[in-house]
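Report on the structure given below.
The values are calculated or read from the model by the stated rules, or taken from the named source; none is laboratory data. Note that the structure is predicted; figures quoted are calculated from it, not measured. Glycine also receives a Cβ, built like all others from the backbone with ideal geometry; neighbour counts cover every protein chain displayed. What goes into the accessible areas is simple: the full protein's heavy atoms, side chains included, and nothing from ligands, DNA or RNA. Shrake-Rupley method; radii C 1.70, N 1.55, O 1.52, S 1.80 Å.
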Amino acid sequence: MAGYILRRVLQAVPVLLGTTFLIYFMVFAMPGDPIVALFGDKTPNPAVIEQLRERYHFDQPFIVQYLLFLKGIFVGDFGISFSGQPVTEILAKTFPVTLRLAALAIFFEMIAGIGVGLIAGLRKGKFFDSSALAVSLILISVPVFVIAFVAQLVFAINLGWFRATVGPGAPLQDLILPALVLATISFAQIQRLTRSSVIETSGQDFVRTAASKGLSRRRIVPVHILRNSLIPVVTYLAVDFGTLMVGATVTEGIFNVPGVGRTLYQAIIRGERPTVVAFVTVMVLIYLVVNLLVDLLYAVLDPRIRYAK
Amino acid sequence: MRTKRFGVAAIALAAAGALILSGCSTGGGGDEAPKGDATAIITTDGTEPQNPLIPTNTNEVGGGKILDEIFAGLVYYDAKGAPVNDMAESIESDDATTYTIKVKADQKFTNGEPVTAESFVKAWNYGAALDNAQLSSYFFESIKGFSYDVNVPELEGLKVVDDLTFTVELNQPESDFPLRLGYSAFYPLPEAAWEDIAAFGENPIGNGPYKLAEEGAWEHNEKISLVKNDDYTGGRKPANGGLDIIFYATQEAAYADLQGGNLDVLTAIPSGALGTYEDEFGDRSVNQAAAVFQSFTIPARLPHFSGEEGNLRRQAISMAINRDEITDVIFSGTRTPAHDFTSPVIDGYSEDLEGSEVLDYNPDEAKKLWAEADAIAPWDGTFKIAYNADGGHQGWVDAVSNSIKNVLGIDASGDPYPTFAEARTKITDRSIQTAFRTGWQADYPALYNFLGPLYGTGAGSNDGDYSNPEFDQLLSDGLAETDLDAANKNFQDAQVILFKDLPAIPLWYATVNGAWSETVENVEFGWNSVPLYNEVTKTAAE
């Protein structure tokens, strides 16, 4: 097991290097000069531009800029944003917010998705199953920004149950509404996934054996059916968690969540290379870690899966 | 996602008033006791400052809005844009070239340091020096000794006479120089700034009506908390306890917060709500003219757009645009069709200058002029207007193109660039081969600010490389003129030339759109689209 983990961690190194290189290259190749854009509609003097380029190393060739960036990473320095804030500080401030939001969203979609999926699977073809299908089809087909705007208007502005946007400091109660909105997207998927998995497991021999042994339904459903149905769902949840962690740009924008998605979007628009690359690097790291955790979780859920040395 | 990318340009408070400022009273009018709670904190919308909070390095709305509240310059601008002495005791000049500035005694920064002549001179020198690469360095261009080629640590034209007096010598007469002094680039800085300017930019120490609530009050990407500065004695004394400026990524989110009761004053309405916000908020909303001029520029280097043929085509295109209909349909009346090259809020504005009929929709005349141009050299190709697609410009660019296409019977279309940076880079390095969107938000309230930097030969923001000696002459005559009305006459005459040459096609002026909640009163928007926050009162929270 330890050997497996070590191997996976070592594999992550070239992946990380490769992705940062690609991202750096793409940001570098992004047309337009961010320094010129700093001046808005006014045309800056070339001498001032020259000075600023030097300050941000924009006057160096691509490879030199990239190596300087790599060097920075190793000493824990991701550079500074245009507003003079160290990027590490921005990272330290935005990721916890997005983590809270993602965790909350995962919590909601897990409870609702697995719960509804389980019942629908156990009552295949019945009224509950068909209505769950209808609801998930609707949720899948409505774009998330529509759901977000409608939820904001109805629950926050008209009913006043929540704050319309997330207040400073992003307290947990303000994050409930955006988390619910985010959860609706994956709820449908999780629900369908759980349902089909439950149906499949219910038909397995070991379930029938358990039933004929005289075990109560109350024991069969959670221990035998649900646990064995969860493997695809866990994979999905983990991947979804990764997606949520790298920022739900649209939803964060609508609810003004000071998280990763909103900050990254703004950095891209402003052409702040250090910020963009640092964020993406951390995102890649999160993805790698989450994927490793998923693989390890398989072994816990299904004893048949074992990782050889 | 912000729809007003022109806002990135420098903003400034403005004035339209008298030129000789020494006579200005402290302003403020009668001191009626404010009805609201003097300790209430007003919440309002803003955007994360793009740069550290250093006056000479801030040229966009997000940071400018904060600086204007925590610093006090020599003058400030009242609601109408007239300059009122703030830190200045007097600003005097006989020849519009050398100014003697006296600073009021006993003014303090919030760390206790006195505001002296030195506070201004050092800050200006810092802003002007090439090595400091300050974004607003061009504001010091006209001071003697300024250079873009070598680093000048101390400008020759700035001399400290005594503790509270200094003189400014300009390269040439510029009678609107005093009008500029309310702009943030001209704010004073305390000695504390020079110990560590980077740290200062994070926790600035000012001398204005407000100050940062505490060390670290600027919570990046979230908000900045300002509280009343009791040491401030100028005319902008706050009637409230402080300001919380919340940073929003989108105007939609800010609007939702206003509707949801979490925001007191909103300074921009999202495009989706422009048609309805006045019904929803009634007399708690505003739609008034702003000092923002929008246009598109046709560089003379494009084929068919130089000389006699070019002038005919420019005039034909201008008359082919139905500005009334477009401002009505696309902007729900939140733009006002242009009648000149400046803005209605500026002193000296006139809507019927000679030649301004070229801005009226006149399809028959447009067709006629276009045909005359075709007689000189036949038209070929497509007329394109470049714009940045990240700024919400597509709607009007398409409408303008269609208007031109329908009237002149030529191919016309928009030419989108994905980002603002890309469009500006192409415009700046002159590699753009089409007409392009241009906009100007005044730095200070003077006609010259809309003309000199944009159309003067070789001027900084003359993106179309327009040059007309007659025009240049009228501008410098106007600057040398110490009488404001006479100066404005020159600037108006200069515009008559622009109407013939049309280096840029004027489209419309932007308006300020804002709204506020039931809990606040006395919300008045200044000429620069920012509310006069110090006057806002809030009833005590329940």
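Scanning the stretch B:502-529 for residues that are in contact with an Asp or Glu (Cβ under 7 Å, 6 or more places away or on another chain) and open to solvent by 10 Å² or more (accessible area, probe 1.4 Å) yields a count of 5. With respect to the conditions (1) away from every other protein chain (no Cβ under 14 Å); (2) crowded, with 19+ Cβ neighbours inside 10 Å; (3) in a helix (DSSP H, G or I), residue B:405 lacks only one, and its number is (2). I'd like to check something: does the stretch B:482-490 contain any residue that is among the polar types (S, T, N, Q) and either without any contact (Cβ under 8 Å) to a residue 40 or more places away in the chain or assigned to a helix (DSSP H, G or I) (or both)? Yes, because at least one residue in the stretch B:482-490 is among the polar types (S, T, N, Q) and either without any contact (Cβ under 8 Å) to a residue 40 or more places away in the chain or assigned to a helix (DSSP H, G or I) (or both).
Can you pull out every residue in the stretch B:218-231 that is without any contact (Cβ under 8 Å) to a residue 24 or more places away in the chain and at the interface with chain A (Cβ under 7 Å from one of its Cβ atoms)? Residue satisfying the conditions is B:219 alone. I want to confirm something. Restricting to the stretch A:53-67 and keeping residues that are open to solvent by 60 Å² or more (accessible area, probe 1.4 Å) and either of a type in the set (A, V, I, L, M) or out of contact with any helix residue (DSSP H, G or I) (no Cβ under 7 Å at 6 or more places or on another chain) (or both), which single residue is nearest to residue A:17 (Cα to Cα)? Among those residues, the one meeting the criterion is A:67. Touching a strand residue (DSSP E or B) at 6+ places or on another chain (Cβ under 6 Å), assigned to a strand (DSSP E or B) and either over 28 Å from residue B:496 (Cα atoms) or away from every other protein chain (no Cβ under 14 Å) (or both) - does that describe any residue in the stretch B:439-447? Among the residues of the stretch B:439-447, not one is touching a strand residue (DSSP E or B) at 6+ places or on another chain (Cβ under 6 Å), assigned to a strand (DSSP E or B) and either over 28 Å from residue B:496 (Cα atoms) or away from every other protein chain (no Cβ under 14 Å) (or both), which makes the answer no. Just to check your reading of the model, which residue among A:235, A:263 is within 24 Å of the chain's Cα centre (by Cα) and more than 30 Å from residue A:66 (Cα to Cα)? Checking each option against the conditions leaves just A:235.
Screening residue B:477 on (1) over 15 Å from the mean Cα position of the chain (by Cα); (2) open to solvent by less than 50 Å² (accessible area, probe 1.4 Å); (3) farther than 30 Å from residue B:226 by Cβ shows it passes everything except condition (2). Looking only at residues of the stretch B:530-542 that are of a type in the set (A, V, I, L, M) and out of contact with any helix residue (DSSP H, G or I) (no Cβ under 9 Å at 6 or more places or on another chain), we find that the one that is surrounded by the most Cβ atoms within 10 Å (Cβ to Cβ) is B:536. Just one residue in the set B:241, B:234 is surrounded by fewer than 20 Cβ atoms within 10 Å (Cβ to Cβ), over 24 Å from residue B:329 (Cα atoms), more than 11 Å from chain A (Cβ to nearest Cβ) and touching a residue at least 60 places away in the same chain (Cβ under 8 Å); that residue is B:241. When the stretch A:147-206 is filtered for residues that are more than 14 Å from chain B (Cβ to nearest Cβ), small (Gly, Ala, Ser) and open to solvent by less than 20 Å² (accessible area, probe 1.4 Å), the ones remaining, listed by number, are A:179, A:183, A:186, A:188, A:197. Would the stretch B:113-120 turn up any residue that is among the acidic types (Asp, Glu), within 12 Å of chain A (Cβ to nearest Cβ), without any contact (Cβ under 8 Å) to a residue 60 or more places away in the chain and open to solvent by 10 Å² or more (accessible area, probe 1.4 Å)? Looking for residues that are among the acidic types (Asp, Glu), within 12 Å of chain A (Cβ to nearest Cβ), without any contact (Cβ under 8 Å) to a residue 60 or more places away in the chain and open to solvent by 10 Å² or more (accessible area, probe 1.4 Å), one finds none in the stretch B:113-120, hence no. Does residue A:209 count as more than 30 Å from residue A:82 (Cα to Cα), more than 19 Å from the chain's Cα centre (by Cα), at pLDDT 80 or above and open to solvent by 30 Å² or more (accessible area, probe 1.4 Å)? Yes: the conditions hold for residue A:209.
The rows are residues; the columns are (1) within 14 Å of another protein chain (Cβ to nearest Cβ); (2) touching an Asp or Glu at 6+ places or on another chain (Cβ under 9 Å); (3) under 30 Å from residue A:227 (Cα atoms).
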{"position": "A:23", "(1), (2), (3)": "no, no, no"}
{"position": "A:30", "(1), (2), (3)": "yes, yes, no"}
{"position": "A:46", "(1), (2), (3)": "yes, no, no"}
{"position": "A:82", "(1), (2), (3)": "yes, yes, no"}
{"position": "A:93", "(1), (2), (3)": "yes, yes, no"}
{"position": "A:105", "(1), (2), (3)": "no, yes, yes"}
{"position": "A:112", "(1), (2), (3)": "no, no, yes"}
{"position": "A:115", "(1), (2), (3)": "no, no, yes"}
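Whether a residue is outside any loop (DSSP other than H, G, I, E, B), within 14 Å of another protein chain (Cβ to nearest Cβ) and buried (at least 17 other Cβ atoms within 10 Å of the Cβ) was assessed, and residue B:499 does not pass this test.
Scanning the stretch A:1-32 for residues that are closer than 30 Å to residue B:134 by Cα, touching a residue at least 12 places away in the same chain (Cβ under 8 Å) and open to solvent by less than 80 Å² (accessible area, probe 1.4 Å) yields a count of 6. Just to be sure, is residue A:274 modelled with pLDDT under 85 and within 29 Å of residue A:39 (Cα to Cα)? So residue A:274 fits the description; yes. Among all residues of the stretch A:251-268, there is none that is surrounded by fewer than 18 Cβ atoms within 10 Å (Cβ to Cβ) and β-branched (Val, Ile, Thr).
Condition check ((1) under 21 Å from residue B:139 (Cα atoms); (2) open to solvent by less than 60 Å² (accessible area, probe 1.4 Å); (3) more than 12 Å from chain A (Cβ to nearest Cβ)) across all residues:
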residue	(1), (2), (3)
B:384	no, no, yes
B:391	no, yes, no
B:409	no, no, yes
B:431	no, yes, no
B:472	yes, yes, yes
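Residues in the stretch A:276-303 that are within 14 Å of chain B (Cβ to nearest Cβ) and either touching a Phe, Trp or Tyr at 6+ places or on another chain (Cβ under 8 Å) or of a type in the set (Gly, Ala, Ser) (or both): there are none. Checking each residue in the stretch B:288-299 for being modelled with pLDDT of 90 or more and either β-branched (Val, Ile, Thr) or open to solvent by 10 Å² or more (accessible area, probe 1.4 Å) (or both) picks out B:292, B:294, B:297, B:298.
All conditions but one from (1) open to solvent by less than 30 Å² (accessible area, probe 1.4 Å); (2) touching a Lys or Arg at 6+ places or on another chain (Cβ under 9 Å); (3) not aromatic (Phe, Trp, Tyr) apply to residue B:437; the one that does not is (2).
Of all residues in the stretch B:184-200, those being more than 13 Å from chain A (Cβ to nearest Cβ) and open to solvent by less than 10 Å² (accessible area, probe 1.4 Å) number 7.
For the stretch B:207-231, the set of residues classified as in contact with a strand residue (DSSP E or B) (Cβ under 8 Å, 6 or more places away or on another chain), among the small types (Gly, Ala, Ser) and open to solvent by less than 10 Å² (accessible area, probe 1.4 Å) consists of B:217 only. Can you name the residue in the stretch B:256-285 that is touching a strand residue (DSSP E or B) at 6+ places or on another chain (Cβ under 6 Å) and assigned to a helix (DSSP H, G or I) and, of all such residues, is nearest to the other protein chains (Cβ to nearest Cβ)? Among those residues, the one meeting the criterion is B:258.
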